[in-house]
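Only one structure is covered here, and it is reproduced in the block below.
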Amino acid sequence: IYTIITDERWSLLIPLSDRQVEKLKDRSTIRVKFLKDDMTQNGDFSIITIDGDKYGQIDFNKGLIRYASDRFLDIELVTNTVVGLKIPLTSIVTKDFYVIPSRMATTQDNQTGFTLYEGKNKTTFKNVSIYASIDDSSVSKLAVDEAEQPQIYYVDKSSFKEGDALLNTDTGEKYVIGETDTLEGVYCINKGYAVFRRIEILDENEEYAIVSKNTTYGLSRYDHIVRNADKVKEEDILY
């Protein structure tokens, strides 16, 4: 018995969840990645109903010869052009930080830190790790040069106590530590122990997230991260 193929037109049917129907309802074309050979191809897309269930029908006009012997195919729908680093959702954790205006920071011996005011003209320089640097939304970008845009620094809560006072040694301004904010991140284990790194999620599905690879103090390609973050605490030693 032989199958004679005389036309390169062919179709795929894929079952759709309600969420997928809502997300794809306005599309007329879609890009598909075939996991069998990692090839990608564009096809015409429509949503049809069979026995009360919703299916996506993808019509192609080439490529049939590659898959003619397959009854079923594993595919991925390429529904956006977001580019970044792919991480499991199980790697994501949240952490609280003290937030401190960048104007309170100072530099000593080429290290960035803060001057802790301890009263009676006594001060101590504290070199701390900064986990994120975000534009200060209380200051309009129109009012300052982009290079001088004030930042908000996110500092580990173990570095200070609530109520500690920081001193700007240039202006004499004091800032009392207390305000906090939360960041999403992962535990990076490049050095053999868990270190929090901030992430910015660009897109996600039920299993994975795409995060920016340009996040300051964030992740880089080839970093090693913890897959199951709920089983690890920061600074745990991992082998």
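Applying the criterion of being in contact (Cβ under 8 Å) with a residue 60 or more places away in the chain and not in a strand (DSSP E or B) to the residues of region 103-126, the residue that is nearest to I177 (Cα to Cα) is M104. Scanning region 32-51 for residues that are in contact with a helix residue (DSSP H, G or I) (Cβ under 9 Å, 6 or more places away or on another chain), assigned to a strand (DSSP E or B) and of a type outside the set (A, V, I, L, M) gives F34, F45.
Among the residues of this structure, E162 counts as one that is modelled with pLDDT of 90 or more, surrounded by fewer than 12 Cβ atoms within 10 Å (Cβ to Cβ), of a type outside the set (A, V, I, L, M, F, W, C) and out of contact with any Lys or Arg (no Cβ under 6 Å at 6 or more places or on another chain). For region 184-205, a residue qualifies if it is farther than 18 Å from K95 by Cβ and either in a strand (DSSP E or B) or touching a Leu at 6+ places or on another chain (Cβ under 8 Å) (or both), and the qualifying residues are G192, L202, D203, E204. Among the residues examined, N42 qualifies as of a type outside the set (G, A, S) and closer than 26 Å to Y208 by Cβ. Any residue in region 68-87 that is at pLDDT 90 or above, under 30 Å from L13 (Cβ atoms) and surrounded by 15 or more Cβ atoms within 10 Å (Cβ to Cβ)? Looking for residues that are at pLDDT 90 or above, under 30 Å from L13 (Cβ atoms) and surrounded by 15 or more Cβ atoms within 10 Å (Cβ to Cβ), one finds at least one in region 68-87, hence yes. Might you check whether a residue that is hydroxyl-bearing (S, T, Y) and modelled with pLDDT of 95 or more occurs anywhere in region 215-232? Among the residues of region 215-232, not one is hydroxyl-bearing (S, T, Y) and modelled with pLDDT of 95 or more, which makes the answer no. Looking at (1) free of Cβ contacts under 8 Å to residues at least 12 places away in the same chain; (2) part of a loop (DSSP other than H, G, I, E, B); (3) surrounded by 10 or more Cβ atoms within 10 Å (Cβ to Cβ), which is the one condition that is false for D26? The one condition D26 does not meet is (3).
The values are calculated or read from the model by the stated rules, or taken from the named source; none is laboratory data. Since this is a predicted model, take the numbers as computed values, not measurements. Here the Cβ is made from the backbone with ideal geometry for all residues, glycine too, and neighbour counts use every protein chain on show.
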